[in-house]
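Have a look at the structure below before the remarks.
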Amino acid sequence: MEHSIFRVDWFVENPLWNPRNCHDCGHDGILILPRLMECDVQSILLTKYNVRFHRWLVGSLSLCLLLGLSFPGHARPPQPSRPSLETTSQAAKTQRAQRWLAQAKSNKKKSKTKKAKKPAKRGKKARKAKRRSKRTRRRKRTKRRSRRKGKKGKKPSKTAKRREDRDENGRWLPPYLRYITKKYVGYFKQMRRLALKRLNRRKVYPYRRRRVRTFHGQKKLAQKIKKLLKHRWLRGAKLGVVVMHPNGEILFQQNATKRFIPASNVKLLTIAAALHYLGPAYRYVTKVYTDRKPNKDGVVRGNLYIKGSGDPSLRAEELWKIAKTLHLKGLRKVTGRVYFDDSLFDREHFGPGWEDHAVQPGERYRAYMSPVGALSMNYNVMGFVIRPGGKVGADAKISLDPRTYYVREIVNKVKTVSSGRFGVRIKMLGHRSWRERIEIKGKIPLNSRTRTLWRRVTYPGWFTAFSFAQLLRERRIKVHLWPRRGKVPSSARVLHRHYSAPLGVILQYAGKISSNFTTEQVTKLMGAKLYRKPGTWAKGVNAIRSYLKSIGIAPNTYKLLNGSGLSRGNRLYPLLFAKLLQKQLTSLSTRPDFIVSQPIAGYDGTLRWRMKRSSASGVLRAKTGTLDGVSSLSGYVETADKQLVIFAINMNGRIRQIRYFRRIQNRIGKLLARYRLGSRSK
């Protein structure tokens, strides 16, 4: 009989463990164990994983030897207190075999006895329960079969099923050894496979195509898409789908010219128009002016002005850099005030159509509805960090991010409770048209973690000016008076210019994370550049309309209210989005930045968790759109034969159907990624 030999010298250190001399070879510190389940224990123990666990198993097996337990096929040294396995009487063996046979017969009788059938239930619920139970039984059956299958996929024989309960000579293993064999040796095999898999694992590169079954033929594509659109999930919904080749050939269409609520798919129009009129290399410039130059002591005898350019990417970090640069230039004190100039845009901070969401409870102060202004900071939102109080009944601890004197008063009505859910409601109430008064109500459990909530501000210009004045003071530039609104005089001198990132980079926030604030800022900027300042929503929408007219889309075929799609009054059709996407492929100056601004399926943006690890993962770029009962998806997908296909999907229905809309959109995207387009003439 074969044995696996390995050292157990570590047992010698413990006085409770005294390894015996091997009865075969007589070497000290050597333990001989039988090979279990055709598995080389020695080679498994030599792997670098789970050494402690293996040592524990060796110790437990050695304990069995010391306690006098026997291994089949392995003769122990004779002991005076207990006879060895070879000296066991034939009567004991016969008695043990009879006991096992009796137990097997009783098990067979139990399996033959059948329970009395209950009277069959009738009705729709009973039929559903029956189908569900059938599916469950079928699933369990397939799992059992997959476990029993061997390497070649054949079902093992009855003798093979019980082979693991016997040793190499066909002798039955005792119950304790069966348990060890089934549990731990199988575990060793699994750990060895994992170790080899980690050592030989291939490098996974991003956007790597998965092997999938492909298909070809325009007729077959139409059949598959129609089958998906007839799904029971879409009952009562309005659907519009267009699949187009880059040369303009329509591969599939359904309700292509019917108008739908597109939601955030409107951002595709804004991004394309901004890249066309402003260019991907356009940069915003935020300027700081003074009435006079600082003297040798760094004192400005006059006022300090900060003029906004509509930069949506300006944050507190950039304002801190501006304050630091002014300090390095020698500025130490401003005798006058800090004035802010936001005259590039009008003072209408909330766009047309936003009132549809402002009337809903709890939605009015959400961060996605942040106001628009020529001088803005941190996307015009504030963070509220809420922590539980020291004891039950105490007020919660609230801090602001960023800390600013723009907030005049915080009414804290958040109480600490012993248990329950976290629930807080925040109201941003403007005070005298230039500062903020905030009411916070709710409760927070005593053992709750720190929560951070983001809410929009009411007056973006004042919010930025107060934050800038405070950052100047933190950089030891003395400013004693409150900020004010005012235009920069013509005699003022430029003290510093701050340049933003290129517009092509900023528009990625509009496309990938669907930022309403960024797209509305760009919409007003286009209106100010094309139709003179101040920029308004009407001028910005006219700029988008003129661009759509230039690519062959008639103005009377759609309705557009704003640049972000945050309105239920917008009405556009799928063929419009398909034509727009087709036009972007032909323009070399805007094509790279437009495509890069779209989310990648399974990797980033609003498509990060959609179509993950599928045929469309990494090869589909599309813009999503979501409102109550509205879901849209429009973009590009690379087919199985490395060609681009344009698609636009608009779905309008009930609120509960949104998740089903997304599932069908995902299936269409995966379907197009498996499609083989073949050669097409231009």
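The values are calculated or read from the model by the stated rules, or taken from the named source; none is laboratory data. Small disclaimer: the values here were computed from a predicted structure and weren't measured. Heads up, the Cβs are rebuilt from the backbone with ideal geometry, glycines too, and the neighbour counts pull from every protein chain shown. The area values use the complete protein model at the heavy-atom level, side chains included, leaving out ligands, DNA and RNA. Shrake-Rupley method; radii C 1.70, N 1.55, O 1.52, S 1.80 Å.
For labels at residue 405 and residue 643 in the simple 7 Å Cα→Cβ model, what's the distance in nm?
Placing both labels 7 Å along Cα→Cβ, they lie 6.7 nm apart.
For the stretch 540-652, divide the Cα radius of gyration by the Kirkwood radius and give the resulting Rg/Rh value with two decimals.
On the way: Rg = 14.7 Å, Rh = 15.2 Å.
Rg/Rh: 0.97.
Checking the a/c ratio against 1.5 first, then a/b against b/c, what shape does the Cα gyration tensor give for the stretch 297-443?
It is oblate, given that a/c is not under 1.5 and a/b is not larger than b/c.
Taking 21 Å as the cut-off for C-alpha to C-alpha distance, list the pairs among 549/583; 267/559; 230/267; 224/559 that go past it. Before the final figure, lay out each step's value.
Numbers: 549/583 12 Å; 267/559 14 Å; 230/267 29 Å; 224/559 32 Å.
Exceeds cut-off: 230/267; 224/559.
Grab the beta carbon distance between residue 589 and residue 247, set R0 = 25 Å, and tell me the FRET efficiency rounded to 0.05.
Efficiency, from the Cβ-Cβ distance: 0.75.
For the peptides 451-459, 666-674, 479-487, what is the packing order when you average, over each peptide's residues, the other Cβ atoms within 10 Å and list the highest mean first?
The packing order, highest mean first, is 666-674, 451-459, 479-487.
Taking every DSSP beta bridge that has both residues in the stretch 253-387, what percent is antiparallel when rounded to the nearest 5?
40
Could you state how much accessible area residue 346 has, in square angstrom rounded to the nearest 10, with a 1.4 Å probe and all protein chains kept in place?
The accessible area of residue 346 comes to roughly 30 Å².
For residue 106 and residue 129, what does the FRET efficiency come to when R0 = 35 Å and r is the distance between their Cβ atoms, rounded to the nearest 0.05?
Step by step, r from the Cβ atoms, then E = 0.55.
First check a/c for the stretch 494-539, with a ≥ b ≥ c the square roots of the eigenvalues of its C-alpha gyration tensor; if it is under 1.5, answer rounded, and if not, answer prolate when a/b is larger than b/c or oblate otherwise.
Verdict is oblate for the stretch 494-539.
Near residue 437, within a Cβ-to-Cβ distance under 10 Å, what is the net charge of the other residues, with Lys and Arg +1 and Asp and Glu -1?
Neighbour charge sum, excluding residue 437 itself: +1.
Once you have the Cα-Cα distance between residue 550 and residue 281, take 0.36 nm times their residue separation minus that, and quote the gain in nm to one decimal. Before the final figure, lay out each step's value.
Working: separation 269, 0.36 × 269 = 96.84 nm, distance 2.19 nm.
94.7 nm is the gain from fully extending residue 550 to residue 281.
Less than 9 Å Cβ to Cβ from residue 496, Lys/Arg counted +1 and Asp/Glu -1: what total charge do the surrounding residues give?
+3
As a quick test, which of the pairs 307/623; 397/512; 413/512; 258/623; 487/524 have an alpha carbon distance above 25 angstrom in this structure?
Pairs exceeding 25 Å: 307/623; 397/512; 413/512.
When the Cα centres of the stretch 411-436 and the stretch 500-565 are compared, how far apart do they sit, in Å?
Measuring centre to centre over Cα atoms gives 35 Å.
Residues with beta-carbon under 9 Å from that of residue 297, excluding residue 297: net charge, scoring Lys, Arg +1 and Asp, Glu -1?
+3
In percent, how large is the relative contact order of the stretch 497-618, given Cα pairs closer than 8 Å and 6 or more residues apart?
Contact order relative to length: 23 percent.
Could you work out how far apart the two model spin labels at residue 328 and residue 232 are, taking each label as a point 7 Å from the Cα in the direction of the beta carbon, and quote it in nm?
For the pair residue 328/residue 232, the computed spacing is 6.7 nm.
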